[in-house]
1. Of all residues in the stretch A:222-256, how many are surrounded by fewer than 24 Cβ atoms within 10 Å (Cβ to Cβ) and within 20 Å of C:Glu110 (Cβ to Cβ)?
2. Identify, please: which residue in the stretch B:19-51 is part of a loop (DSSP other than H, G, I, E, B) and surrounded by 21 or more Cβ atoms within 10 Å (Cβ to Cβ) and is, among those, farthest from the chain's Cα centre (by Cα)?
3. Report the residue count in the stretch B:102-118 for those that are outside any helix (DSSP H, G or I), among the small types (Gly, Ala, Ser) and touching a residue at least 12 places away in the same chain (Cβ under 8 Å).
4. Given the conditions (1) within 9 Å of another protein chain (Cβ to nearest Cβ); (2) touching a Phe, Trp or Tyr at 6+ places or on another chain (Cβ under 8 Å); (3) part of a helix (DSSP H, G or I), report the number of the one that A:Leu290 does not fulfil.
5. Just a yes or no: is a residue in the stretch A:141-162 away from every other protein chain (no Cβ under 14 Å), in contact with a Ser or Thr (Cβ under 7 Å, 6 or more places away or on another chain) and not β-branched (Val, Ile, Thr)?
6. Can you work out which of the residues in the stretch A:198-220 that are surrounded by fewer than 24 Cβ atoms within 10 Å (Cβ to Cβ) and either within 14 Å of another protein chain (Cβ to nearest Cβ) or assigned to a helix (DSSP H, G or I) (or both) is nearest to the chain's Cα centre (by Cα)?
7. If a residue has to be more than 21 Å from the chain's Cα centre (by Cα) and within 14 Å of chain A (Cβ to nearest Cβ) to count, how many in the stretch C:100-147 make the cut?
8. Looking only at the stretch C:196-246, which residues are within 26 Å of C:Val286 (Cβ to Cβ) and outside any helix (DSSP H, G or I)?
Amino acid sequence: MTFIDFINFHIVPGVVLGSIYAVGAIGITMVFGILRFAHLAHGDLATMGAFIALSTMGLFGASPWVGLPVAMIFAAAIAVGIDKTFYDYLRDRPKILTVMASLGVALMLRSVVQVVWGVDSTTYQRGIVRPDEYFGILLRDRELYTLLAVATIVIGLEAFLRKSKWGKAMRAMSDNPDLARLSGVDNRHVTMLTWAIVGALCAAAGFLLGLNNELNSMMGWHLLLPMFAAAILGGVGRVEGALLGGLIVGIAEELSVLILPGQYKAATAFVILLLILLVRPRGLLNGKVL
Amino acid sequence: MSALLSMQAVRGGYGDADILQGVSITVAPREIVVIVGPNGAGKSTAMKAVFGLLHVRGGQILFDGDDITGWAPNRIVKRGVCYVPQVDNVFREMTVHENFEMGAFLRKGDLDAAYDRVYGLFPDLRAKRKALAGDLSGGQRQMVAMGRALMLDPKLLLLDEPTAGLSPKYMEQIFTITRDVRDSGVSIMLVEQHAKQALAFCDRGYVLATGANRHEGTGAALLADREVAQMFLGG
Amino acid sequence: MELIGLANYAIFMGILIGIYALLALGLNIQWGLTGLFNAGIAGFFAVGAYASAIITSPHVAGRVGGFELPIVVGWMGAIVFAGLIAWPIGKVCLRFRSDYLAIATIGVAEIIRLVIKSEDWLTGSSRGITGIPRPFGELDYVASQLAYLGLVIAAVAVVYFLLERQLKSPWGRMMRAIRDNEAAAAAMGKQIEARRLQAFIFGAAVMGLAGALFVHFNRSITPEAIDPMIATFLIWIMLILGGSGNNRGAILGAIVIWLLWSVSEMITDRLPTDVALQAKYIRIFVVGLALQLVLRFRPEGILPEEQARQTAR
């Protein structure tokens with residue numbers, strides 16, 4: 001295998017997949033960092049976002065990309081609603097109970113998807129797309145647009161967190177919640193804002209996965225492990241870390257086929273998760289440990 | 001002299017047990033009041049009572065004409081009292097300037113004057129405004145913590161052991177800055193382990209023991225008191 | 001005839017309830033007693049089931065096994081292998097808050113599922129393992145079912161009494177102290193980790209035993225026999241509804257939830273096919289919702305933990 005083949009067959013798909021993981025992992029790391037629990041319904045919320053985009057596309061009969069902003073808005077609202085209905089009343093109890101509630105929410109979201117959209121696999125667009133060549137690197141349009149979309153999302157989010165008053169409040173809450181409250185930051189506002197952003201990110205991850213792969217009711221559940229591995233690998237609470245972690249997990253999965261049978265691709269994330277917990281639980285960029 | 005803060009026979013604690021068994025402390029405008037005492041005397045607890053972090057079961061806390069007994073901390077902040085905890089008192093992953101911005105979170109309008117004031121009080125920090133607070137030395141972090149609290153332009157600043165773990169050089173510097181803060185018109189109540197040094201620099205001091213007042217007076221008078229000196233022998 | 005059919009069905013249900021009660025008891029060691037979040041119960045159950053199946057079943061070309069060892073050996077194997085899988089996971093994750101354990105157990109259950117599906121030499125992949133011997137299998141149907149029910153009840157009783165004894169021992173008191181006071185737990189450091197690991201492995205071993213009981217009852221196993229998420233979730237709600245921390249609560253929860261689950265299945269099976277599939281998923285939705293309702297309105301369960309007066313957990 002020549003070097004350029006290696007890039008085209010392993011690294012390019014790894015980067016595309018990894019950038020999708022990253023979008024999901026950023027949401028995980030934000031919930032972990034700011035609200036301080038592992039959100040197990042993250043993947044199934046992504047599934048729901050992907051299917052909302054599908055229905056939007058069907059409604060307007062247009063490019064699937066029309067579905068993305070709509071799905072992001074809907075998923076943001078759903079995430080805020082889930083928090084108000086199922087997580088908020090557990091606020092003062094041990095956080096692990098919220099983790100449990102989120103597992104129940106995962107099941108509920110998935111069954112809604114199964115009732116509304118069925119259990120069969122589907123795609124946004126049919127047909128085979130030939131990749132174009134850019135300096136020897138083969139890239140399909142949808143892959144190129146996926147990378148652009150992820151870049152836009154990450155840059156936009158970073159700008160919000162670094163520059164805006166409420167973005168800073170979110171970082172402050174993640175950094176030192178007691179001091180944030182002493183400074184007059186309203187916890188409820190930050191929580192709501194966090195869920196809105198996280199919901200939108202979930203929908204984006206689900207949509208992009210559906211675009212590059214296929215849609216089915218289990219797609220999000222299978223995203224959960226790589227997303228958590230990416231978030232913890234990067235360092236809990238670190239947005240840049242989740243991006244880095246996502247790319248590493250994605251590339252590692254695509255490289256795993258060189259040494260493991262293909263069906264064990266999904267095991268790669270698990271191995272990375274255990275290894276990082278064993279040797280460096282704070283992650284590559286020194287995040288939090290709960 | 002009318003007091004800015006007046007704690008009158010305050011009793012209370014975190015759970016069911018009363019840690020404070022009748023503490024009375026007053027702080028006048030533009031005054032530095034130090035609370036010292038042996039471990040477990042209830043020094044920090046007395047300070048937290050002012051800030052509404054304690055279940056107060058008896059006595060009264062008056063601030064600037066209001067009875068603030070039982071108020072929630074965020075209401076007390078808005079009334080003009082800011083609190084600097086002993087540990088975890090900065091946002092480590094945010095820059096010095098962002099820490100100050102967070103301090104002013106509740107303030108609206110032009111903040112230039114407030115920034116000029118804190119950078120004026122802590123000139124060392126002006127050059128480090130883009131550095132992460134977590135990367136600073138212990139003394140500089142303490143300055144960031146004080147600066148953050150001052151951004152809201154409080155009338156009373158509560159400092160919980162600001163010199164804990166600092167070298168003597170930084171301790172002096174913190175005390176000097178505390179005086180500068182007082183001279184800019186803020187009253188200060190601080191809890192100190194380093195009793196001798198603190199009593200030497202303060203305006204007035206209180207010695208607490210087992211949750212109640214033991215001695216009070218000017219710093220110099222307390223330092224001259226034989227009983228007080230004995231309490232802090234070697235301290 | 002009708003009556004005999006009903007009685008047979010009751011015995012069948014009793015056996016399954018017993019197996020779920022074992023799973024709930026296993027989870028009670030981990031969650032109720034120690035506060036460990038295991039979201040991969042189905043994985044440990046499957047390991048136990050396959051371990052016992054491989055140890056006791058006759059030879060099949062191309063698959064490891066054919067040991068035809070006594071069933072008791074199979075059960076011991078189920079216990080040991082489920083515990084062995086739990087050990088490294090616990091070792092890595094129990095230093096941290098239980099969130100990490102939840103994720104890791106989801107992962108391990110997923111890997112176990114992949115192995116079962118794809119390793120033909122070990123598990124027979126999609127064909128599964130058949131010809132698994134059944135204790136009292138040589139008796140006629142009703143007698144055999146009754147005998148198996150007796151066996152399952154005996155297993156539940158043994159685990160129950162062992163657990164009750166542990167619960168009242170200094171070990172049990174210490175576990176509860178660790179669970180209820182994170183600060184004290186942290187101060188005790190390394191020793192706590194070892195205790196938590198013990199509890200995690202014990203719980204997993206009991207789940208493995210439940211798997212073995214299931215597989216010898218069924219006489220065969222395929223990857224489709226266990227829906228990981230739903231099985232895991234049913235056991236969680238059994239324990240929470242019954243009363244976590246209380247062994248009798250765990251058993252009661254298994255009875256109540258399994259009856260509701262089966263009755264609702266009978267109802268949805270009678271629906272016309274076009275809505276039956278949707279009804280199946282609505283049923284799962286209701287299970288998820290039920291957990292939220294229990295957490296909200298009766299977090300201590302039907303039979304609350306005895307010593308604990310606090311409502312959390």
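1. 6
2. The extreme case among them is B:Ile19.
3. At the first step, the residues of the stretch B:102-118 found to be outside any helix (DSSP H, G or I) are B:104-111.
Of the ones still in play, those that are also among the small types (Gly, Ala, Ser) are B:104, B:109.
Checking which are touching a residue at least 12 places away in the same chain (Cβ under 8 Å) leaves us with B:104.
Result for the stretch B:102-118: 1.
4. Unmet for A:Leu290, out of (1) within 9 Å of another protein chain (Cβ to nearest Cβ); (2) touching a Phe, Trp or Tyr at 6+ places or on another chain (Cβ under 8 Å); (3) part of a helix (DSSP H, G or I): (3).
5. Yes, the conditions are met somewhere in the stretch A:141-162.
6. Filtering first and then ranking leaves A:Met219.
7. Total meeting the criteria: 7.
8. Answer for the stretch C:196-246, where residues must be within 26 Å of C:Val286 (Cβ to Cβ) and outside any helix (DSSP H, G or I): C:Ile226, C:Asp227, C:Gly243, C:Ser244, C:Gly245, C:Asn246.
The values are calculated or read from the model by the stated rules, or taken from the named source; none is laboratory data. None of these values were measured; they are calculated from a predicted model. Here Cβ is always computed from backbone atoms with ideal geometry, including for glycine, and neighbour counts include all displayed protein chains.
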